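Asker: This is the structure I have questions about; it appears just below.
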Amino acid sequence: MSVEYGKETSARRGRRDDARTVAGAHRPMRRADREVMEPEDIAAIVDGCDIVDVAYADAEGLTMVPLNFGYEYDHDGGRLVLWMHSAAHGRKIDAIRAAGDRLPVAFSMRTDCEIVAGRTACGWGESFKSIVGEGVASIVDDLDARRRGLQLLMAHQAHMPHVEFTDAQVRSVTVWRIESERLTAKVRPKPAAAHGGHGKHGDAAADSVAGDNAAGGTTV
């Protein structure tokens, strides 16, 4: 499955309040005005995130785990590959193996989260940048590919892009990756500060904007 992105122009994008969930189809983002479409902007959001939450189902049921990651992003094709490392045994590794090395997963990440205060409880919200996606997790066996994955992890998490790993170091951990099949990106910028004074928080804009959260819902 190819990565799917909308083709709407910014002039046509608004709220999709009539969107419905349909079996076998992908529901479009309701707040289309906050959907990020440009590959460069999507890559910048990923680069600003330190943790990815990965959800999957196994014999025990549904679960989710937060993980550090490295990544590769294809600006032309829009495909995101997340790289992780783990111990040789554990629930997520067992789940990947049990799924024939093709475990369906969902993932999310967020950055630049900041509370936006309002004058009433329902006027509060949060600014954010977020990614939500689906993909397939698999264990990486090739030694050079595993080394590459560890280098990407260090480049992203430690800002050390040229770390060298010995074969023994590479073999001491399990390297796995998630190849995205679909993702969406969303931004709610912080409202500009109002002038002239509007109470303690001085932000009238916060009272007029529904508190949309990173997952697409709203506050109170």
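Asker: Within 10 Å of each candidate Cβ there may be at most 13 other Cβ atoms; applying that plus a DSSP loop requirement, which trypsin sites (Lys or Arg not before Pro) in the range 35-125 survive?
Answerer: Counting only loop positions with at most 13 other Cβ atoms within 10 Å, the trypsin sites (Lys or Arg not before Pro) in the range 35-125 are R102.
Asker: How high is the FRET efficiency from E38 to R16, r the C-beta distance, R0 30 Å, rounded to 0.05?
Answerer: That gives a FRET efficiency of 0.95.
Asker: Where a ≥ b ≥ c are the square roots of the eigenvalues of the C-alpha gyration tensor, would you call the range 36-208 rounded, which needs a/c under 1.5, or, failing that, prolate if a/b is larger than b/c, or oblate?
Answerer: Taking the square roots of the gyration eigenvalues as a ≥ b ≥ c, the range 36-208 is prolate.
Asker: While we're here: Give me the number: length gained by fully extending Q169 to D76, i.e. 0.36 nm times residue separation minus the C-alpha to C-alpha distance, one decimal in nm.
Answerer: Taking Q169 through D76 to full extension adds about 30.2 nm, to one decimal.
Asker: Report the residues of the range 102-118 in range of a label on R27: point 7 Å along Cα→C-beta, backbone N strictly under 20 Å from it.
Answerer: 105-109
Asker: Can you work out the PRE-style zone for A145? Point 7 Å along Cα to Cβ, and I want the residues of the range 33-72 with backbone N under 18 Å.
Answerer: 70-72
Asker: State, to one decimal in nm, how far the label point of T63 lies from the label point of R119, with both points 7 Å from Cα in the Cβ direction.
Answerer: It works out to 4.9 nm between the two label points.
Every number here is computed from the coordinates shown, using simple stated rules; none is lab data. All values derive from a computational prediction rather than experimental measurement. Don't worry about glycine lacking a Cβ; one is built from the backbone with ideal geometry, like all the others, and counts go over all protein chains shown.
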